[in-house]
Amino acid sequence: MQFVILGLLLSGPLSLYDLQKRFAAGISLFYSASSGSIQRALQHLVDDGAVVVAEADGSRRGRKVHRITDEGRERWRAWMRAPISGGTDAETVVLARVYLLGLLEAPEDRADVLRGIREHVDGSREALEALATEVDAKAAGLDDASRRIFAFQRATLEYGLRSHAVMREWIDDVGEQA
């Protein structure tokens, strides 16, 4: 979440309330975050020097805004360009990076991020295909009752294969816009 917040702050200073509104207006479609988790992540970024806090210009009520520092910009850029690790949140990372991709100024940086996403999707898909081959071979010897159970379990693997195919096609389409 910290890197998403840093990305949002690239557009200019934002209050905690502004950040919460930005999450609700778009990011919540792929990243669920409570107000408290946004506040904790923001405080962590302040403590680490990636963000600074100041009073908003012309604020009569002491409204605080957060600004990204040069260090925060570099951390965000490094995260955008870093390889995507496997795991349950990989899809969220992909979606967050695509959401923030237009904030990278250099076309070669955007191309590198998309290349990294493609590599991640292709590698994950290849692992799923190998798993499918393995489980299908084991399923050949199942009795009828076990085969019925297996069919529904195999359906979840098929979902993963299809979702990776759709994601790869989608990334290629995004790449044409970048």
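The values are calculated or read from the model by the stated rules, or taken from the named source; none is laboratory data. Quick caveat: nothing in here was measured; it's all calculated off a predicted structure. Please note: Cβ atoms are built from the backbone with ideal geometry, for glycine as well, and neighbour counts cover all protein chains shown.
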(message) Between a residue in the stretch 148-172 that is not assigned by the TED database to the domain that holds D122 and any residue that is in a helix (DSSP H, G or I) and at pLDDT 95 or above, which pairs come within a Cβ distance under 6 Å, given they are 6 or more apart or on different chains?
(response) none
(request) Tell me, please, whether a residue that is more than 26 Å from E169 (Cα to Cα), among the charged types (D, E, K, R) and free of Cβ contacts under 8 Å to residues at least 60 places away in the same chain can be found in the stretch 29-44. (result) yes
(message) What's the total number of residues in the stretch 87-139 that are surrounded by 15 or more Cβ atoms within 10 Å (Cβ to Cβ), polar (S, T, N, Q) and within 15 Å of the chain's Cα centre (by Cα)?
(response) 1
(request) Return the residue satisfying two criteria in turn: it lies in the stretch 62-102 and is in a strand (DSSP E or B) and hydrophobic (A, V, I, L, M, F, W, C), and of such residues it is farthest from V113 (Cα to Cα). (result) V65
(request) Quick one: in the stretch 157-178, of everything that is hydrophobic (A, V, I, L, M, F, W, C) and part of a helix (DSSP H, G or I), which residue is nearest to G116 (Cα to Cα)? (result) I171
